Every structure is written in C-alpha cells, then in structure tokens.
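The values are calculated or read from the model by the stated rules, or taken from the named source; none is laboratory data. Values in this document were obtained by computation on a predicted structure and should not be read as measured data. Positions of Cβ are generated from backbone atoms using ideal geometry, with glycine treated the same way; all protein chains shown enter the neighbour counts.
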Amino acid sequence: MLIKDRYINPFTDFGFKKIFGSEVNKELLIAFLNTLLPPEAGTVSDLSFLPNEQVGRSEYDRRAIFDLYCENETGEKFIVEMQRAKQNYFKDRSVFYATFPIQQQAQSGEWNFCLKAVYMVGILDFVFDADKADDAVVHHEVKLMDRSTGSVFYDKLTFIYLELPKFTKTMEELVTEFDKWCFLLRHLPELTDRPARLQEKVFLKVFELSEIAKYSTVEAAAYEESLKIYRDLKNVVDTAYDEGIAEGIVKGKAEGIAEGIQQKALEVAKSLKDAGLDVETISRCTGLPVTLVEGL
C-alpha cells in the first residue's frame, strides 16, 4: 500500500498513540483534555501514564485494555478511548471501564469512601444512533443526574463523548482551541501544509510528530499496517452494523434489530479471526467479549 498522505491518521492505533500516548509529549494530551473538561474540573497541569491493561479484583473478574489510562497531579483518573468503528454497546463498555479506576481506589482497613474523580473520554469516528437526528451537539458531557430536580447527583464520574463526524466547521470558522482540536483530528490526513489557523505551539508539535516522511523505515511500516487495519475494520464493522440493523428492521421488532446486529458482529469477528487479527482488537471493534471471540 502506497501512502500518499503527508500526515498520519490519528484514528489509527499508531497515529493515536504517536500523538497522545507518549510520556515525552504528554503536553499534547494535557492540552487536549483541558479543552474538554468542565470548568469545575479545573486545569490539568501534569499527567502520569498508568498501565493500560487492567484486571478485576479477583481472578474471576473480567479484564479491560484501555487505549490510554492516566492520572493527573491530584490523583484524578482519565481513560481515553479512540473508537474507530460503530459498536452496539460502546456506552456500556464505557461504564464498565469506569468501574476499574473506581474500584482501585478502595483502601484496606478504615476508609471513608472518599473517591477521586474519574473521567471517561470517548473520541468517536461515528455517531450514536440515538443522536443521528441532532447534528448540533459534538461534545457530550454525561453525569449521574437526579431526574426529579434536574441537578447533578454525583459530580466525580464524568463521561465525555466527541462525535467527530458531526464537526463540520471549515478552517475559516475555527475559533476556540476545542474547534481546532476537532478539526485537526478529523482532517489531519487531508492536510498538505501547516495552516495559518493552526500555528499554536501545541498544534505545530502535532504536525511535527505526524509527518510520515520523517519516519524511519520501521515506523513507516508500522503506520502502514495500522492504517490498513483501520480501513479494513471500519469498512467491515460499519457495514456489518448497518446490515444488522436492516435485517432486524425486516423482522419488525427491537429484539430483531439487536439480534441482527449481534449476528453480523459474530460473522465479522469470525472473518477477522480467520484473517489472523488478534482477539483483543476484534473484541474492541465488534463489542463482543474476548472469550466469545476466542471460541469462534
């Protein structure tokens, strides 16, 4: 595969880790998170990367592998996930993932149960089905809410989702740092230069890290493989997801839709496994449990 782009695709595993997953360049992740967090969260000034593979508190619990897992200077935890293809239960997975940094705060002996805040950030290359009718909201901030009063019930657990396909501003319309990050994440592979609107130090650093021509032969090959996996998975999984919905609609019931999506996910997982893709990647992209994928 001949790569003609000047800059990497940040939705590839290689690209995402290259930009946001390095201790040396963690100021990029800090700057990005500070554009997403609610005002009451304050400003993140430092981050420490934590192991991205997490296991439950007993040998019988499931494990989780995050794209990025980090902690700020006050002990608050951040899980950052780049979701490249549609997944039927991505919201469920988000909630499940958030339980790990909550449980890990448990202390032996006397403990007052005071928890540090946990933030689950999902950067989506698709739009939730429930949100397709509303093109206006790109940035979703979700907290536990008391429906009777409309007030936040618990402010230490926050889910942030970016539905990037909804971000349609042009270069000339970029105003805020949030605008610029969204534009860059959506359009980085399409750019051929460093636009005048994106000349801040943090974005110049992104361009520097993302320029494919500067990569070694090994890095270029790793990116090429990552790009191929991204394109194949997105095409196969998105198509299968839509076909599953179509088959379910024919059956005429909500259960039929869920059944159709599940069946298509199993078919996709089987095909990807036969092609030699690892079960962790298949699980993450199809939403199927690792144990189910292993048994196909």
* Among residues of the range 63-80, those that are under 10 Å from the mean Cα position of the chain (by Cα) and surrounded by fewer than 21 Cβ atoms within 10 Å (Cβ to Cβ), counted -> 3
* Structure fact -> Scanning the range 90-129 residue by residue, the ones that are assigned to a helix (DSSP H, G or I), over 18 Å from ASP67 (Cα atoms) and charged (D, E, K, R) total 1
* Subset of the range 215-252 that is at pLDDT 65 or above and among the acidic types (Asp, Glu) - its residue that is nearest to ARG84 (Cα to Cα) -> ASP232
* Asked: When both residues are 6+ apart or on different chains and their Cβ atoms are under 6 Å apart, which pairs have a first residue that lies in the range 124-140 and is in contact (Cβ under 8 Å) with a residue 40 or more places away in the chain, and a second that is in a loop (DSSP other than H, G, I, E, B) and surrounded by 13 or more Cβ atoms within 10 Å (Cβ to Cβ)?
  -> ASP125/PHE11; ASP125/ARG84; PHE126/LYS86; VAL138/PHE167
* Can you tell me which residue in the range 189-207 is surrounded by the most Cβ atoms within 10 Å (Cβ to Cβ), limited to those that are among the acidic types (Asp, Glu) and farther than 14 Å from PRO10 by Cβ? -> GLU200
* **Extreme residue, farthest from the chain's Cα centre (by Cα), among residues of the range 174-200 that are more than 17 Å from LEU162 (Cβ to Cβ) and assigned to a helix (DSSP H, G or I)** => ALA196
* Return the total of residues in the range 119-137 being of a type in the set (A, V, I, L, M) and buried (at least 21 other Cβ atoms within 10 Å of the Cβ). => 4
* Structure fact -> Scanning the range 1-55 residue by residue, those over 16 Å from GLY75 (Cα atoms), part of a strand (DSSP E or B) and over 17 Å from the mean Cα position of the chain (by Cα) turn out to be TYR7, VAL55
* **Residue list for the range 109-129, restricted to those being more than 21 Å from GLU73 (Cα to Cα) and within 12 Å of the chain's Cα centre (by Cα)** => GLY122, ILE123, LEU124, ASP125, PHE126
* Structure fact -> When (1) surrounded by 14 or more Cβ atoms within 10 Å (Cβ to Cβ); (2) of a type outside the set (Gly, Ala, Ser); (3) touching a residue at least 12 places away in the same chain (Cβ under 8 Å) are applied to THR99, the one that fails is (3)
* Does the range 183-231 hold any residues that are among the hydroxyl-bearing types (Ser, Thr, Tyr) and without any contact (Cβ under 8 Å) to a residue 24 or more places away in the chain, and which are they? -> TYR215, SER216, THR217
* Filtering the range 56-75 down to residues that are in a loop (DSSP other than H, G, I, E, B) and among the aromatic types (Phe, Trp, Tyr), which residue is modelled with the highest pLDDT? -> PHE66
* **Selected residue (only one of ALA41, ALA31 is small (Gly, Ala, Ser) and modelled with pLDDT of 95 or more)** => ALA31
* To do: Of all residues in the range 92-109, count the ones that are in contact with a strand residue (DSSP E or B) (Cβ under 8 Å, 6 or more places away or on another chain) and either of a type in the set (Ser, Thr, Tyr) or farther than 18 Å from GLN54 by Cβ (or both).
  => 2
